[in-house]
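All remarks here apply to the structure that follows.
Every number here is computed from the coordinates shown, using simple stated rules; none is lab data. Not measured: the values here are computed from a predicted model. Ideal geometry is used to build each Cβ from the backbone, glycine not excepted, and the neighbour counts take in all protein chains shown.
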Amino acid sequence: MSYERALQCLSDPTRRRIFERLRAGPKSVGVLAHGLPVSRPAVSQHLKSLKQAGLVKDRSEGARRVYYIDPEGLGELRRWLDQFWDDALEAFKNEVEIPNTPSRRKKP
């Protein structure tokens, strides 16, 4: 999985809603489709895209498929996003550590 594919996949609002519903734990297609403005087959297609992007996995439970967030795929996306946080913290640290020169002092 690459973070580009994950971001592209999550750019679709319906896929994002499905993915957010999985945050509470594994769910079947029927449960995920409940209350969405798309059909069960459409939800299945969205889940296929999420699976191809490495964001979800599925397993068999009797006659149905249950989908859940793939921690490994989510971890790759998070590592990519974390670099922005790390860069922001480093920039803040560098700004705070700059000596208080006359040009940087606040004027009364």
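Remarks
- Lysine pair count for segment 3-99 [Cα-Cα under 17 Å; pairs on different chains or 8 or more apart]: 4
- Fluctuation leader among ASP87, ASP70, ASP12 - the chain, Gaussian network, Cα springs under 10 angstrom: ASP87
- Under 5 Å, built H, 5+ apart or other chain: amide partners of ARG65: VAL29
- Footprinting exposure proxy for ILE69, ILE18 (fewest neighbouring C-beta atoms within 10 Å first): ILE69, ILE18
- Extreme residue, positive dipole direction of segment 33-76, given options PRO37, SER49, ILE69 (C-beta unit charges): PRO37
- Note on segment 3-99: with charges restricted to the Cβ of Lys and Arg (+1) and Asp and Glu (-1), its dipole about the Cα centre is near 980 debye.
- Interchain or long-range residues, amide H under 5 Å from ASP70's placed H: VAL56, LYS57
- Reciprocal mean inverse distance between Cα atoms of segment 3-99 - Kirkwood radius, Å: 14.9
- Most fluctuating residue given options LEU50, LEU36, LEU74, as computed from a GNM of the chain linking Cα atoms under 10 Å: LEU36
- Taking every alpha-carbon pair under 8 Å whose residues sit at least 6 apart, the chain reaches a relative contact order of 28 percent.
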